[in-house]
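Novice: Have a look at this one.
The values are calculated or read from the model by the stated rules, or taken from the named source; none is laboratory data. Everything quoted here is computed from the prediction, not taken from an experiment. Cβ: placed from backbone, ideal geometry, glycine included. Neighbour counts: every protein chain shown. Heads up: the accessible areas ignore ligands, DNA and RNA and are worked out on the full protein's heavy atoms, side chains in. Shrake-Rupley method; radii C 1.70, N 1.55, O 1.52, S 1.80 Å.
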Amino acid sequence: MNNTNYGVVLVTAGSPQEAEAIATSLVASKLAACVNILPIQSVYTWQGEINQEQEWQLLIKTDLAQFSNLEAKIRELHSYEVPEIIAIPILAGSQSYLDWISASVK
Amino acid sequence: MNNTNYGVVLVTAGSPQEAEAIATSLVASKLAACVNILPIQSVYTWQGEINQEQEWQLLIKTDLAQFSNLEAKIRELHSYEVPEIIAIPILAGSQSYLDWISASVK
Amino acid sequence: MNNTNYGVVLVTAGSPQEAEAIATSLVASKLAACVNILPIQSVYTWQGEINQEQEWQLLIKTDLAQFSNLEAKIRELHSYEVPEIIAIPILAGSQSYLDWISASVK
């Protein structure tokens, strides 16, 4: 199985409002077909200190041909200096759903 | 690192009952070793309208040799016309866990 | 797009305390840049019985060159006999975030 050109892009946001604003903007500008949002507890280091904070994980289902446009839009909207923007490949999928992503992402 | 033949299949469901029914059926019919369910907030377009709804994300840990059987079973059970059914590759894993997936999926 | 050498490692834990202890240890020992924790409902078979339990999913963002050290540390800390430890590839990402992972993982 080779990767399709579709993927799930992961982004973390600092508040539910920020998560929803980014999700709605990506879907409205046809950079994502669907964005799922869920609360998470994050543990990470920043400038040598271990931090533990509530964040919101976005799962952005999209066509990865749009990745650089997607990244630019997220950077424009995001409050973090270095936001998480990472793409996971979709290896296979039901054709009708993948076609729906293609129809929703321009 | 090359992909193993294992993967995580993502499906969204419209209610916790639907999520649990799909999860239990996949595990009972040995199409999945483990299914994790979590509530999500989904933002997406459908027939030109932006929608925001609560859904439930399934993370289905399985052997991707079963993907087409898994897809058929999910379509049979799912209430959506175009359900999300997408497979993410597992690149590496602890051998005892991967062996457990092999033993659980037929 | 080829896989980067970065990835998201998925682990499930039996309690929030176990999830936090593993997350903090991985970040403190520079085996992970960031770990996100979320509650999940898990459906799985174990010794022929279908089980449904609350668990906690860890999403471990790291450099996969450290996968075997990461696996060893998780096994050392984990209460399960066969813990889930599976790596999902990151196919692309914003360069500043990937650089942050490199700086945080040794």
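Novice: May I ask you to verify whether C:Ile101 is surrounded by fewer than 23 Cβ atoms within 10 Å (Cβ to Cβ), modelled with pLDDT under 95 and touching a strand residue (DSSP E or B) at 6+ places or on another chain (Cβ under 9 Å)?
Specialist: no
Novice: Restricting the search to segment C:67-86, which residues are of a type in the set (Asp, Glu), under 22 Å from C:Ser104 (Cβ atoms) and under 11 Å from the mean Cα position of the chain (by Cα)?
Specialist: Correct list: C:Glu71 only.
Novice: Tell me which residues, restricted to segment C:50-65, are of a type outside the set (Val, Ile, Thr), closer than 24 Å to C:Leu98 by Cβ and under 12 Å from the mean Cα position of the chain (by Cα).
Specialist: Looking only at segment C:50-65, we keep the residues that are of a type outside the set (Val, Ile, Thr), and these are C:51-59, C:61, C:63-65.
Adding the requirement that they be closer than 24 Å to C:Leu98 by Cβ leaves C:57-59, C:61, C:63-65.
Scanning segment C:50-65 gives C:Gln57, C:Leu58, C:Leu59, C:Lys61, C:Asp63, C:Leu64.
Novice: Please determine, by comparing only the residues of segment B:5-46 that are within 11 Å of chain A (Cβ to nearest Cβ) and open to solvent by 20 Å² or more (accessible area, probe 1.4 Å), which one is farthest from C:Pro89 (Cα to Cα).
Specialist: Checking each candidate, the answer is B:Trp46.
Novice: For the structure I just gave you, tell me whether A:Glu55 is of a type in the set (Asp, Glu) and facing chain C (nearest Cβ under 10 Å).
Specialist: yes
Novice: Tell me which residues, restricted to segment C:59-78, are more than 9 Å from chain A (Cβ to nearest Cβ) and touching a strand residue (DSSP E or B) at 6+ places or on another chain (Cβ under 8 Å).
Specialist: If the condition is that a residue be more than 9 Å from chain A (Cβ to nearest Cβ) and touching a strand residue (DSSP E or B) at 6+ places or on another chain (Cβ under 8 Å), then C:Ile60, C:Thr62, C:Asp63, C:Leu64, C:Phe67, C:Leu70, C:Ile74, C:His78 are the ones that fit.
Novice: Which pairs have Cβ atoms under 7 Å, sit 6 or more apart or on different chains, and link a residue in segment A:80-106 that is more than 14 Å from chain C (Cβ to nearest Cβ) and without any contact (Cβ under 8 Å) to a residue 12 or more places away in the chain to one that is open to solvent by 10 Å² or more (accessible area, probe 1.4 Å) and not polar (S, T, N, Q)?
Specialist: Close Cβ pairs satisfying both conditions: A:Ser94/B:Glu71; A:Ser96/B:Val82; A:Tyr97/B:Val82.
Novice: Return the pair list, or none, for Cβ contacts closer than 7 Å from residues in segment C:1-29 that are in a helix (DSSP H, G or I) and modelled with pLDDT of 95 or more to residues that are basic (Lys, Arg) and open to solvent by 10 Å² or more (accessible area, probe 1.4 Å), at least 6 apart or on different chains.
Specialist: Matching pairs, first to second residue: C:Ser25/C:Lys73; C:Leu26/C:Lys73.
Novice: Next question. Which of (1) buried (at least 16 other Cβ atoms within 10 Å of the Cβ); (2) free of Cβ contacts under 8 Å to residues at least 12 places away in the same chain is the odd one out, the single condition A:Glu71 does not satisfy?
Specialist: A:Glu71 satisfies every listed condition except (2).
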